[in-house]
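The values are calculated or read from the model by the stated rules, or taken from the named source; none is laboratory data. Computed from a prediction, not measured in an experiment: that's the story for all the values here. FYI the Cβ positions are ideal-geometry reconstructions off the backbone, even for glycines, and counts take in every protein chain you see. Just so you know, the surface numbers come from the protein's heavy atoms only, side chains and all, with ligands and any DNA or RNA stripped out. Shrake-Rupley method; radii C 1.70, N 1.55, O 1.52, S 1.80 Å.
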Amino acid sequence: MGTSTVNISAAQVKELREKTGAPIMDCKQALTEAKGDLENAVVLLRKRGIAVAAKKAARATSEGSVTSYIHAGGKIGVLLEVNCESDFVARTEDFRELVHDIAMHIAASDPRFIRKEDVTAEAFEREKDIYRTQAKATGKPANVVEKIVEGKMGKFYEEVCLYEQPFIKDQTVTVLQLIASKIGKLGENISVRRFARFKVGDVGETIAISKPEAKE
């Protein structure tokens, strides 16, 4: 039996490009592999974006941009630094849009850390102890208790780590996946370096700084 050819229209490619920001040829290839299914093509592009991001993760990011975002009638403010590899990419509309979107997300979602690796040992142990105590109170066996704790810690990371949170404008992707898609499109490593979030009436402020990547 011969392999059937799927005709991909320019309109399909345009729709996928608008949804993901991926280059035209990548969109066409993903749609072809997905046999014209838009959602499957999106999944393929996101997987490739994560793979590209992983390959570029060790590359130094010494350029970038600092931006501010004010929300809710001046009640919430964010100051954010996002890094990339070159001043050229830092000046692109795609990069500036990414920085703005991340700042807006921080204002809305109030993360406390950037990556899972940035969670302090004190915060980690405190939450784990709380979840373990709650799970033990159910009377379940020890192995089940540990599984419950593991699941709750995954949810904890999603709540407090910027990279793990569902992106505020598209809940089907995390902030990490959003960044990965831009890495795939722009061809450079991109990372959130630090941010500060202020809210009128709060005691103190949220300040998060990403730890340097561990070197082998």
Give me the pairs: first residue in the stretch 93-120 and acidic (Asp, Glu), second residue in a helix (DSSP H, G or I) and at pLDDT below 95, beta-carbon distance under 7 Å, and six or more apart or on different chains, which are they? 94/182; 94/185; 94/186
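Among the residues of the stretch 151-196, write down those that are in a strand (DSSP E or B), of a type in the set (S, T, N, Q) and open to solvent by less than 60 Å² (accessible area, probe 1.4 Å). Lay out the reasoning, then the answer.
Residues of the stretch 151-196 that are in a strand (DSSP E or B), as a first pass: 161, 166-167, 170-174, 191-196.
Remaining after also requiring of a type in the set (S, T, N, Q): 171-172, 174, 191.
Within the stretch 151-196, 174, 191 meet the criteria.
Counting only residues that are part of a helix (DSSP H, G or I) and among the hydrophobic types (A, V, I, L, M, F, W, C), which one in the stretch 129-143 is surrounded by the fewest Cβ atoms within 10 Å (Cβ to Cβ)?
Initial filter on the stretch 129-143 (part of a helix (DSSP H, G or I)): 129-136, 142-143.
Narrowing further to those that are among the hydrophobic types (A, V, I, L, M, F, W, C): 130, 135, 142.
Numbers: 130: 13, 135: 19, 142: 9.
Checked the stretch 129-143; the qualifying residue surrounded by the fewest Cβ atoms within 10 Å (Cβ to Cβ) is 142.
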Is it the case that residue 126 is modelled with pLDDT of 90 or more and either in a loop (DSSP other than H, G, I, E, B) or closer than 21 Å to residue 78 by Cα (or both)? no
Please go through (1) of a type in the set (Asp, Glu); (2) outside any helix (DSSP H, G or I); (3) surrounded by fewer than 16 Cβ atoms within 10 Å (Cβ to Cβ) for residue 146 and return the number of the only condition it doesn't satisfy. (2)
Pairs please, first residue from the stretch 175-186 and of a type in the set (S, T, N, Q), second anywhere and open to solvent by less than 40 Å² (accessible area, probe 1.4 Å), Cβ atoms under 8 Å, 6+ apart in sequence or on different chains. 177/49; 177/167; 181/20; 181/21; 181/22; 181/45; 181/49; 181/173
Restricting attention to the stretch 85-122, which residues are outside any helix (DSSP H, G or I), modelled with pLDDT under 95 and among the hydrophobic types (A, V, I, L, M, F, W, C)? 119
How do the pairs read when you match residues in the stretch 141-160 that are within 12 Å of residue 128 (Cα to Cα) with residues anywhere that are assigned to a loop (DSSP other than H, G, I, E, B) and open to solvent by 50 Å² or more (accessible area, probe 1.4 Å), using Cβ under 8 Å and keeping only pairs 6 or more apart or on different chains? 145/138; 148/138; 148/140
For the stretch 188-201, state whether one or more residues are closer than 16 Å to residue 162 by Cβ and modelled with pLDDT under 90. no
